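The values are calculated or read from the model by the stated rules, or taken from the named source; none is laboratory data. All values derive from a computational prediction rather than experimental measurement. Glycine also receives a Cβ, built like all others from the backbone with ideal geometry; neighbour counts cover every protein chain displayed. Heads up: the accessible areas ignore ligands, DNA and RNA and are worked out on the full protein's heavy atoms, side chains in. Shrake-Rupley method; radii C 1.70, N 1.55, O 1.52, S 1.80 Å.
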Amino acid sequence: MKNGDKVLIVSMPWALSYMASIQVGALKSFLIANGVNAEGGHWFLPIANYLGFGAYGELCYPHLSDGEALYAYLLFPEKRKSLLTDEHLREKFRVLHENFGARSSATFSLTKSFFEQFTTVNHSILDRYNWSDYRLVGFTLNFGQTLASLYMAREIKSRSPNTKIIFGGSEACSDLGRSLLNEFPFLDYCCDGEGEVPLLNLCRSLSSCDNVAKIDGITTRNEEETVGQNSSGQMPKMTIPVPDYSDYFEEIKTLGLDPDHVTACLPIEGSRGCYYDCSFCALNLQWDKFRAQSPQMVAKTISELSNRHKLLDFFFVDNIAPKTSAKIFEKVEALGLDLRFFYELRTDINRDTLSQMKNAGLTRVQLGVESLSSGLLKKFNKRARVIENLQGMKFCEEFELSTCGNLIVEHPKTEQIDIEESVKNIEFCTAFRPPNAFAPFDLEFGAPDYVELSPEWLSIDGNHEEYLRLYPKPLFERLNLLRKKYTSKVAPLDWQPLYNAVNRWKYTYESNAASLGGRTRHLALFDGGAFLRIEDRRSGSLRVHLLEGIYGELYRRAESIVKIDNLASAVSSRLCQSGVEDAINRLVELRLMFVEDDECLALAMANPRIRSPNANAKLTAAIGNVVDQRRETKEWRVQSGTPV
């Protein structure tokens with residue numbers, strides 16, 4: 001019997017529960033715009049509602065495999081005994097019961113009874129649909145959604161054998177998708193690369209019974225072998241319509257929830273891909289080059305989504321901010337909306353662009369620091385140095401942005417000298433918000449490190465052993481999964497000095513912030529026109545540094561990274577080269593300035609709400625009882641070239 005013409009795009013756990021799936025919204029919108037009868041399914045919502053939204057988030061933090069373990073139990077009967085006795089999962093359930101048990105519909109005990117209830121909840125989602133109406137169901141696989149998608153795909157196929165199943169996303173592209181097709185007969189296709197055009201062509205081919213194997217970006221099965229075309233195309237500019245999140249809000253309504261209590265933000269994309277190729281990163285596996293939406297389209301999308309859903313919070317899912325960000329957010333600011341949004345940024349973003357983004361509504365940032373060793377950053381192919389990282393941290397702190405980030409540790413190319421360099425450089429970072437996590441190096445399929453790291457650094461030993469908790473061993477050995485096990489061939493290093501230095505940094509920063517009532521400018525710059533006043537609270541107590549005359553001018557000119565020769569040229573009629581170098585060395589000694597190669601950066605932060613430190617007007621600010629405090633502090637005054 002021939003199925004109907006409907007197409008369903010699904011996002012399973014463990015997608016973030018506080019916002020709609022952009023994959024579902026973008027694909028649905030594109031298909032509808034091209035005449036396809038498409039729907040979206042944000043199926044993580046009923047699961048989060050059953051478990052409790054707090055428990056849902058806790059279950060997959062910090063390890064997505066804990067959440068995937070629930071679906072491994074449903075999918076693989078041979079894993080049930082080991083999962084019921086899994087000590088890590090048992091401890092997770094104990095915490096869930098203790099913290100969320102009273103507010104959850106679930107009974108958090110690692111027993112058959114829990115999984116029987118969990119099965120019922122998942123089947124209740126499937127029971128809503130008349131599956132004979134659906135020609136194609138697509139699952140988007142990103143961040144721990146593989147096993148949940150496999151389970152539901154199998155159940156759909158058992159109910160409607162003629163409904164075709166397609167997987168797409170970062171965990172189903174390239175050889176990863178082919179591997180899944182080889183092992184799970186209820187899968188029909190995998191999408192390699194961006195989904196819109198291949199999915200549309202697949203829908204049209206299914207409707208006209210054309211040869212699916214000839215569609216770019218679609219991998220299928222032919223006589224028990226996977227065949228198909230690698231993705232060779234990409235979305236043309238200006239053809240991505242505004243995402244359709246109506247199914248997400250309908251689901252919230254169906255569950256009887258208050259959207260204001262569930263939805264924190266709406267996802268949006270300003271670009272796809274990345275114009276860098278950091279060695280550790282596999283995020284761009286399915287993207288073909290970098291493209292940015294036009295400023296007009298980004299502003300239009302925000303305006304329409306905000307008006308449609310009465311929300312003002314947005315989450316940019318971009319892997320990197322476009323180089324046209326200033327123009328984009330000039331258009332966004334012109335909307336005149338009280339927006340708040342998140343963006344992932346490189347540290348080399350310039351101050352004017354960040355200022356424009358802040359004016360448009362930027363409040364939260366994930367900053368790509370990764371390391372405080374320029375030697376290690378070079379090995380990561382970050383195309384950034386420590387001085388750029390310090391500048392990015394400074395600007396984010398200056399604009400009072402809530403930042404998060406991490407430091408990558410245990411990378412095979414790390415040398416002890418890189419750790420020592422990081423520890424030394426932390427002394428210049430203490431005024432800035434510290435990273436919130438260490439990120440042990442993870443080798444992932446498709447990342448440059450996976451492709452390019454030579455045998456002298458490591459040997460790849462198949463899939464990561466964490467998957468053994470989830471997959472039967474024979475299947476584990478045959479599948480090609482995202483995370484890889486490796487054996488480092490370099491001598492073990494002593495990371496403890498870095499851990500200790502970062503912990504001291506966190507303690508000092510948080511203690512200072514608490515003593516200042518949450519204030520975060522612990523190295524604050526105030527411009528007095530003829531002098532600069534730097535209030536230094538990095539050690540807990542106030543220390544004032546005064547820079548006068550030409551020394552204040554040098555410091556102003558180093559607000560952003562500047563070449564030392566350019567500084568010297570700018571003041572050559574008043575101060576010789578050696579005088580400039582002496583002044584810079586003194587500022588470095590006081591950790592007020594950072595020097596790398598032939599460039600320098602002033603570390604003190606101006607107050608952008610009042611004025612830019614480049615302006616000549618005198619700063620006016622309420623500084624409390626600083627006159628009384630001054631009696632208890634040390635001042636460094638530069639006058640006529642003599643520190644006193």
So for the stretch 387-395 (the condition being touching a strand residue (DSSP E or B) at 6+ places or on another chain (Cβ under 9 Å), outside any helix (DSSP H, G or I) and open to solvent by 10 Å² or more (accessible area, probe 1.4 Å)), does at least one residue qualify? no
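Just need a number here: residues in the stretch 12-21 that are farther than 19 Å from TYR71 by Cα and surrounded by fewer than 21 Cβ atoms within 10 Å (Cβ to Cβ).
If we filter the stretch 12-21 for residues that are farther than 19 Å from TYR71 by Cα, which is where we start, we get 18-21.
Filter again for surrounded by fewer than 21 Cβ atoms within 10 Å (Cβ to Cβ), leaving 18.
Qualifying residue count for the region: 1.
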Kindly list, by first and then second residue, each pair from a residue in the stretch 333-357 that is under 16 Å from THR301 (Cα atoms) to a residue that is among the basic types (Lys, Arg) and at pLDDT 95 or above, limited to pairs with Cβ atoms under 6 Å and residues at least 6 apart or on different chains. PHE342/ARG364
Please pick out the residue among PHE167, PHE118, PHE108, PHE139 that is surrounded by 15 or more Cβ atoms within 10 Å (Cβ to Cβ), part of a loop (DSSP other than H, G, I, E, B) and of a type in the set (Phe, Trp, Tyr). PHE108
Hey, LEU443 within 23 Å of the chain's Cα centre (by Cα), within 30 Å of LEU75 (Cα to Cα) and in contact (Cβ under 8 Å) with a residue 12 or more places away in the chain or not: yes
Restricting to the stretch 369-386, give me the number of residues that are in contact (Cβ under 8 Å) with a residue 60 or more places away in the chain and either in a loop (DSSP other than H, G, I, E, B) or under 25 Å from LEU592 (Cα atoms) (or both). 9
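If I ask for residues that are among the charged types (D, E, K, R) and surrounded by fewer than 19 Cβ atoms within 10 Å (Cβ to Cβ), which ones from the stretch 352-373 would you list? Before the answer, list the steps.
Start the filter on the stretch 352-373 by keeping residues that are among the charged types (D, E, K, R), which leaves 352, 358, 364, 370.
Those that are among the charged types (D, E, K, R) and surrounded by fewer than 19 Cβ atoms within 10 Å (Cβ to Cβ): ASP352, ARG364.
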Kindly provide the set of residues from the stretch 483-507 that are among the hydrophobic types (A, V, I, L, M, F, W, C), out of contact with any Cys (no Cβ under 9 Å at 6 or more places or on another chain) and at pLDDT 95 or above, ordered by number. LEU493, TRP495, LEU498, ALA501, VAL502
SER459: open to solvent by 20 Å² or more (accessible area, probe 1.4 Å) and over 30 Å from LEU70 (Cβ atoms), yes or no? yes
Here is a list of conditions, (1) in a strand (DSSP E or B); (2) open to solvent by less than 40 Å² (accessible area, probe 1.4 Å), and PRO412 meets all of them except one; can you say which number that is? (1)
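Given the criterion of a type outside the set (Val, Ile, Thr), part of a helix (DSSP H, G or I), open to solvent by 40 Å² or more (accessible area, probe 1.4 Å) and at pLDDT below 95, identify the matching residue among ASP260, ASP348. Spell out the reasoning first.
Details: ASP348 fails: part of a helix (DSSP H, G or I).
That would be ASP260, the only listed residue that is of a type outside the set (Val, Ile, Thr), part of a helix (DSSP H, G or I), open to solvent by 40 Å² or more (accessible area, probe 1.4 Å) and at pLDDT below 95.
Within the stretch 163-175, is there a residue that is among the basic types (Lys, Arg) and over 30 Å from ASN284 (Cβ atoms)? Step through it out loud before you land on a result.
Within the stretch 163-175, the subset among the basic types (Lys, Arg) is 164.
From the residues that got through so far, the ones that are over 30 Å from ASN284 (Cβ atoms) too are none.
For the stretch 163-175, residues among the basic types (Lys, Arg) and over 30 Å from ASN284 (Cβ atoms): absent.
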SER573 being among the small types (Gly, Ala, Ser), on the phi < 0 side of the Ramachandran plot and modelled with pLDDT of 95 or more: no
Scan of the stretch 70-83 for residues that are open to solvent by less than 30 Å² (accessible area, probe 1.4 Å) and assigned to a helix (DSSP H, G or I), ordered by number: LEU70, TYR71, ALA72, TYR73, LEU74, LEU75, LYS79, LEU83
In the stretch 335-350, is there at least one residue being under 17 Å from CYS396 (Cα atoms), among the aliphatic types (A, V, I, L, M) and in contact with a helix residue (DSSP H, G or I) (Cβ under 9 Å, 6 or more places away or on another chain)? yes
Candidate set from the stretch 454-483 (those that are in contact (Cβ under 8 Å) with a residue 60 or more places away in the chain and part of a loop (DSSP other than H, G, I, E, B)); member that is nearest to ALA72 (Cα to Cα): LEU470
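For the subset of the stretch 396-409 comprising residues that are touching a residue at least 60 places away in the same chain (Cβ under 8 Å), outside any strand (DSSP E or B) and touching a helix residue (DSSP H, G or I) at 6+ places or on another chain (Cβ under 9 Å), which member is surrounded by the most Cβ atoms within 10 Å (Cβ to Cβ)? Full working, then the answer.
Kept after step one, since they are touching a residue at least 60 places away in the same chain (Cβ under 8 Å), are these residues of the stretch 396-409: 397-400, 407-409.
Narrowing further to those that are outside any strand (DSSP E or B): 397-400.
Those still in the list that are touching a helix residue (DSSP H, G or I) at 6+ places or on another chain (Cβ under 9 Å) too: 398-400.
Details: GLU398: 26, PHE399: 21, GLU400: 16.
Among them, the one singled out is GLU398.
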Among the aromatic types (Phe, Trp, Tyr), outside any helix (DSSP H, G or I) and closer than 30 Å to TYR467 by Cα: does that describe TYR486? yes
Per the filter on the stretch 178-211, residues more than 27 Å from GLY35 (Cα to Cα), in a loop (DSSP other than H, G, I, E, B) and under 31 Å from the mean Cα position of the chain (by Cα) are PHE184
Please go through (1) part of a helix (DSSP H, G or I); (2) of a type in the set (A, V, I, L, M, F, W, C); (3) open to solvent by 30 Å² or more (accessible area, probe 1.4 Å) for PHE315 and return the number of the only condition it doesn't satisfy. (1)
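Does ILE156 satisfy the criteria of being within 26 Å of ALA48 (Cα to Cα) and either in contact (Cβ under 8 Å) with a residue 40 or more places away in the chain or in a strand (DSSP E or B) (or both)?
It is false that ILE156 is within 26 Å of ALA48 (Cα to Cα) and either in contact (Cβ under 8 Å) with a residue 40 or more places away in the chain or in a strand (DSSP E or B) (or both).
So, ASP418, is that one surrounded by 20 or more Cβ atoms within 10 Å (Cβ to Cβ), under 17 Å from ASN500 (Cβ atoms) and touching a Ser or Thr at 6+ places or on another chain (Cβ under 6 Å) or not?
Details: surrounded by 20 or more Cβ atoms within 10 Å (Cβ to Cβ): yes; under 17 Å from ASN500 (Cβ atoms): yes; touching a Ser or Thr at 6+ places or on another chain (Cβ under 6 Å): yes.
Yes; evaluated as a whole, the condition is true for this residue.
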Check off (1) among the hydrophobic types (A, V, I, L, M, F, W, C); (2) closer than 24 Å to VAL369 by Cβ; (3) in a loop (DSSP other than H, G, I, E, B) for ALA439 and give me the number that stays unchecked. (3)
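The rows are residues; the columns are (1) more than 30 Å from ALA437 (Cα to Cα); (2) at pLDDT 95 or above.
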| site | (1), (2) |
| --- | --- |
| TYR509 | no, no |
| GLY517 | no, no |
| TYR551 | yes, no |
| GLU559 | no, yes |
| VAL595 | no, yes |
Do we have ASP338 as touching an Asp or Glu at 6+ places or on another chain (Cβ under 9 Å), surrounded by fewer than 22 Cβ atoms within 10 Å (Cβ to Cβ) and under 19 Å from LEU401 (Cβ atoms) here? no
Go through the stretch 495-552 residue by residue and tally those that are within 35 Å of the chain's Cα centre (by Cα), basic (Lys, Arg) and under 16 Å from ALA604 (Cβ atoms). 4
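Under the condition of being hydroxyl-bearing (Ser, Thr, Tyr), in contact with a helix residue (DSSP H, G or I) (Cβ under 7 Å, 6 or more places away or on another chain) and modelled with pLDDT of 95 or more, which residue from the stretch 53-110 is nearest to SER17 (Cα to Cα)?
To start, the set of residues in the stretch 53-110 that are hydroxyl-bearing (Ser, Thr, Tyr) comprises 56, 61, 65, 71, 73, 82, 85, 104-105, 107, 109.
With in contact with a helix residue (DSSP H, G or I) (Cβ under 7 Å, 6 or more places away or on another chain) added as a condition, the list becomes 56, 65, 71, 73, 104-105, 107, 109.
Now restrict to residues that are modelled with pLDDT of 95 or more: 56, 71, 73.
Numbers: TYR56: 8, TYR71: 17, TYR73: 22 Å.
Filtering first and then ranking leaves TYR56.
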Checking the conditions here, which among GLY57, GLY52, GLY67, GLY101 is in contact with a Phe, Trp or Tyr (Cβ under 9 Å, 6 or more places away or on another chain), closer than 25 Å to TYR245 by Cα and surrounded by fewer than 19 Cβ atoms within 10 Å (Cβ to Cβ)? GLY57
